[in-house]
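Comments concern the structure below.
The values are calculated or read from the model by the stated rules, or taken from the named source; none is laboratory data. These figures come from a predicted structure and were not determined experimentally. Heads up, the Cβs are rebuilt from the backbone with ideal geometry, glycines too, and the neighbour counts pull from every protein chain shown.
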Amino acid sequence: MARAGQVGGTATAPRPTLPAPSSRGGHSTRTAAAPQEARQDGAAPRQVAVVTGAGSGIGRAVALALSAAGWTVVLAGRRAEALAETSRLAGPAGPDAPAITTVPTDVTRPEQVDALFAAVHERFGQLDLLFNNAGTFGRAVPLEELAYDDWRTVVDVNLTGSFLCAQAAFRTMKAQEPQGGRIINNGSISAHTPRPHSIAYTATKHAITGLTKSLSLDGRPYHIACGQIDIGNAATEMTGPMQTGTLQANGQTAIEPVMDATDVARTVVHMAALPLTANVQFATVMATNMPYIGRG
């Protein structure tokens, strides 16, 4: 089975990179907001999405699907080379093609998150969607063997990084005109039911559900909708062990079915396309035969 994210055509030209501001003291030095890039056909300006963790897996698949649906997409992630590959897979740039740009970003660093959203504001003047996707599973070890630093790494990426990006997106969406936008958080089946030896990942994904609910409530006065997609066994690098055998709740090891990440991406595109008067609060997308219903 092909790895998740290996979708889209073969490109012939690289996409441009959107540079993040080089100097920040908590806030960027801003000029007037740039208008959305005009469409040659006179149609409405394209909507703008930020996708974190866009260099591989679910993030890459969603970024490509949004681009194919006509969105302007800003790719964020730690690895510039991986982001460039996602951009290449989206196809060649052109006057009629949706813009897709890259901003290397470590979501655990507040100043880099601020720079990411400042760059989006300065380039496009609006933000319509954040797909809050960056995450890590961490080491699968017995609870008593989990090192503090390993715990902190998972919490910093999965929870603190998601909060920082959501906070920056919220500020942008609240301040822009017209006001509003949508945040979609990547939860997990583990937001409901844990796997063995996954306490850090499971704890952070349960916390993402609380983050989603709070964002939904706090966003109501500002036309900011927030939903969550809980994904089970999409075929990515992170789920590779499931295709060779992974520990089950009964102590046995078993191969688990997986699904293509493009099936997840289609669901995110549907959630993103809804008017702000409607919201998919929680959606679960999983490989049909994965051992989730009745796990344990």
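Taking the numbered list (1) crowded, with 19+ Cβ neighbours inside 10 Å; (2) closer than 22 Å to ARG78 by Cα; (3) among the charged types (D, E, K, R) in turn, ASP149 passes all entries but (1).
Only one entry of ALA65, ALA49 meets the criterion of being at pLDDT 95 or above and within 12 Å of the chain's Cα centre (by Cα), and that entry is ALA49.
Listed here are the residues, each with its yes/no results for (1) touching a Cys at 6+ places or on another chain (Cβ under 7 Å); (2) at pLDDT 90 or above; (3) β-branched (Val, Ile, Thr).
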{"position": "GLN248", "(1), (2), (3)": "no, no, no"}
{"position": "GLY251", "(1), (2), (3)": "no, no, no"}
{"position": "GLU256", "(1), (2), (3)": "no, no, no"}
{"position": "THR262", "(1), (2), (3)": "no, yes, yes"}
{"position": "VAL269", "(1), (2), (3)": "no, yes, yes"}
{"position": "ALA272", "(1), (2), (3)": "no, yes, no"}
{"position": "PRO275", "(1), (2), (3)": "no, yes, no"}
{"position": "ASN279", "(1), (2), (3)": "no, yes, no"}
{"position": "PHE282", "(1), (2), (3)": "no, yes, no"}
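Residues that are within 24 Å of THR204 (Cα to Cα), at pLDDT below 95, surrounded by fewer than 20 Cβ atoms within 10 Å (Cβ to Cβ) and not acidic (Asp, Glu): does segment 92-99 have at least one? The answer is no, given that none of the residues of segment 92-99 is within 24 Å of THR204 (Cα to Cα), at pLDDT below 95, surrounded by fewer than 20 Cβ atoms within 10 Å (Cβ to Cβ) and not acidic (Asp, Glu). Within segment 158-180, residues that are under 19 Å from HIS206 (Cβ atoms) reach partners that are among the polar types (S, T, N, Q) and assigned to a helix (DSSP H, G or I) with beta carbons closer than 8 Å, at six or more positions or on different chains, in the pairs ASN158/THR204; LEU159/THR204.
Summed over segment 188-218, the residues that are over 16 Å from PRO291 (Cα atoms), surrounded by fewer than 24 Cβ atoms within 10 Å (Cβ to Cβ), among the charged types (D, E, K, R) and in contact (Cβ under 8 Å) with a residue 24 or more places away in the chain give a count of 1.
For (1) under 21 Å from GLY227 (Cα atoms); (2) part of a loop (DSSP other than H, G, I, E, B); (3) in contact with a Pro (Cβ under 8 Å, 6 or more places away or on another chain), each residue gets a yes or a no:
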| position | (1), (2), (3) |
| --- | --- |
| LEU116 | no, no, no |
| PHE137 | no, yes, no |
| TRP151 | no, no, no |
| ALA200 | no, no, no |
| LYS205 | yes, no, no |
| ILE208 | yes, no, no |
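Suppose the filter is of a type in the set (D, E, K, R) and modelled with pLDDT under 95; does ARG195 pass it? It is true that ARG195 is of a type in the set (D, E, K, R) and modelled with pLDDT under 95.
Every condition in (1) crowded, with 24+ Cβ neighbours inside 10 Å; (2) touching a Lys or Arg at 6+ places or on another chain (Cβ under 7 Å) is met by ARG182 except one, and the failing one is (2). Apart from one condition, THR172 fits all of (1) of a type in the set (S, T, N, Q); (2) touching a Phe, Trp or Tyr at 6+ places or on another chain (Cβ under 7 Å); (3) surrounded by fewer than 16 Cβ atoms within 10 Å (Cβ to Cβ); the exception is (3). Note on segment 240-273: among residues that are part of a loop (DSSP other than H, G, I, E, B) and in contact (Cβ under 8 Å) with a residue 60 or more places away in the chain, the one that is farthest from ILE189 (Cα to Cα) is ASP260.
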